[in-house]
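Chemist: One structure follows; several queries about it will come next.
The values are calculated or read from the model by the stated rules, or taken from the named source; none is laboratory data. Just so you know, these numbers come straight off a predicted model, no measurement behind them. Please note: Cβ atoms are built from the backbone with ideal geometry, for glycine as well, and neighbour counts cover all protein chains shown. We work out accessible area using only protein heavy atoms, side chains counted, and drop any ligands, DNA or RNA first. Shrake-Rupley method; radii C 1.70, N 1.55, O 1.52, S 1.80 Å.
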Amino acid sequence: MAHIIDGKTAAQTLRTQITQQVAALHSPGISPGLAMVLVGEDPASASYVHSKARQTEECGMQAFEHKLPQSTTQQQLLRLIEQLNGDARVHGILVQLPLPDHIDAVAVLSRIAPDKDVDGLHPVNTARLADGNPNIVPCTPLGCLVLLRNELGDLSGKQALVIGRSHLVGRPMSHLLLSQHCTVTTAHSRSQNLAELCRQADILVVAAGQPELVRGSWIKPGATLIDVGINRQHGEDGKTALVGDVAFREAVEVAGAITPVPGGVGPMTIACLLLNTLLAALRQQGMSAPEWAVLAH
Ligand code: NDP
């Protein structure tokens, strides 16, 4: 039976470390600040932003919420980004995705100052990660890496398979694992023999957005599984359940360790946003990252 990796506890541990570090910064008069920009009235996005703001403040950092109407033009949004880039109280800027169709998300994300890009999606930050010299790393893959390091320690030499190649999760995850000296394979919707690729993996990170894609019979005994997928499934009883991209009940019998859905990767994503904000503030003050956070980068 696999060890269940508890993402809630890992996220709480990370938030405690961040809170202590933030408190230590208050005496030299530094207060890390995160600006969050929401365009439109999508309830799910509004709830994410609210939750991020609450957790930011709970860690002792400042949260600046900017809620703009759906009718906001790209020019208006870019002007706000420029203003936040120049605001010394703001160390991190997050633009909640998705943006309305009339706004070019790539143009907006590219306008954020790379040192304040706490989502790690600016082309400078994606290039640095791909180049093996990471600056700010996207939050979800960073959270997966923290869980893997907690579970396995040194990842060097492990055979890793990442399913998914999105800019948000799969691609940066593959680069991160390469930087940890894994032998990395990246699979996607056109990959052949996915089951066979899975059977070779000591580490399997699944971010395909396909409910229960990975079956128990695909898994190498003892492998460590990180399930990023969040899929809503409607049961016969009319209730909605969240399921991952891995068939959990089958996989738990074979794997060495596995993240559940929910309660695995999800809680780590916001905790890593807070970590990125803290690290951005330290960097902007010319201070180095604390020892406990160094391995994550
Ligand atoms: P995308 O849809 O952007 O990317 C999915 C990737 O999976 C693509 O690269 C696609 O391949 C690949 N893929 C799709 N189907 C298959 C298949 N049958 N076999 C192999 N590869 C496949 O999704 P995201 O990366 O944004 O998110 C992935 C999942 O993670 C979603 O369920 C999302 O909800 C969840 N998520 C969870 C987060 C968390 O905090 N826990 C945060 C972010 C995402 P191709 O490139 O060829 O199309």
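Chemist: Cα-based Rg (one decimal) and Dmax (whole number) for segment 150-242, in Å?
Modeler: 14.1, 46
Chemist: Need one word for segment 1-110: rounded, prolate or oblate. Basis is the Cα gyration tensor (sqrt eigenvalues a ≥ b ≥ c); a/c below 1.5 gives rounded, then a/b vs b/c decides.
Modeler: It comes out oblate by the Cα gyration axes.
Chemist: With viscosity set to 1.306 mPa s and temperature to 10 °C, compute the Stokes-Einstein D of the chain, Rh being the Kirkwood radius across alpha carbon pairs; µm²/s, no decimals.
Modeler: 80
Chemist: Further question on the same structure: Angle between the Cα long axis of helix 139-152 and the longest principal axis of the chain, 0 to 90 degrees, nearest 10?
Modeler: 50
Chemist: To continue, here is another question. Under a 1.4 angstrom probe, counting protein chains only, how are 102, 167, 66 ranked by accessible area, largest first?
Modeler: In descending accessible area the options line up as 167, 102, 66.
Chemist: Which residue fluctuates most in the GNM of the chain (Cα springs below 10 Å): 61, 36, 287?
Modeler: Comparing 61, 36, 287 in a Gaussian network model of the chain, the most mobile one is 287.
Chemist: On average, how much area does the Cα convex hull of segment 23-75 cover when viewed from any direction, in nm²?
Modeler: 4.3
Chemist: Measure off, as a whole percent, the carbon and sulfur share of the 1.4 Å-probe accessible area of the chain, all protein chains present.
Modeler: In the chain, the share of accessible area belonging to carbon and sulfur is 51 percent.
Chemist: Also: Could you provide, to the nearest whole Å², the per residue accessible area of segment 164-297 with probe 1.4 Å?
Modeler: Normalised by residue count, the accessible surface of segment 164-297 is 47 Å².
Chemist: Here's another thing I want to ask about it. Between residue 200 and residue 76, what is the FRET efficiency for a Förster distance of 51 Å, r being their Cβ-Cβ separation, to the nearest 0.05?
Modeler: E between residue 200 and residue 76, to the nearest 0.05, is 0.50.
Chemist: Contour minus end-to-end for residue 215 and residue 231, with contour as 0.36 nm per residue of separation and end-to-end as the Cα-Cα distance?
Modeler: Length difference between fully extended and current span is 4.2 nm.
Chemist: Another question, if that's okay. Pairs 8/158; 52/239; 116/158; 52/220: which exceed 30 Å Cα-Cα?
Modeler: Over 30 Å Cα-Cα: 116/158; 52/220.
Chemist: Right, another one. Take segment 45-85, drop everything but the C-alpha atoms, weight them equally and run the Debye formula without solvent; then report log10 I(q)/I(0) at 0.18, 0.27 Å⁻¹ to two decimals.
Modeler: -0.63, -0.96
Chemist: Among 39, 106, 265, which one shows the highest mean-square fluctuation when the chain is modelled as a Gaussian network with alpha-carbon springs under 10 Å?
Modeler: In the Gaussian network model the winner is 106.
Chemist: Write down the accessible area per residue of segment 1-47 in Å², having rolled a 1.4 Å probe over the full set of protein chains.
Modeler: Solvent-accessible surface per residue comes out at 48 Å².
Chemist: Shifting gears a bit: Mind pulling the angle between the C-alpha long axis of helix 74-85 and the longest principal axis of the chain? Nearest 10 degrees, somewhere in 0 to 90.
Modeler: Rounded to the nearest ten degrees, it is 80.
Chemist: Then there's this: What is the mean projected area of the alpha carbon convex hull for segment 183-282, to one decimal in square nanometres?
Modeler: In nm², the orientation-averaged hull projection of segment 183-282 is 8.3.
Chemist: Now for a different question. In the chain, what cysteines have no partner Cβ closer than 4.7 Å?
Modeler: 59, 144, 182, 198
Chemist: Let me see the P(r) profile for segment 90-164: every Cα-Cα distance counted, bins of 10 Å, each bin given as a percent of all pairs.
Modeler: In whole percents, the pair-distance histogram is 17, 40, 30, 12, 1.
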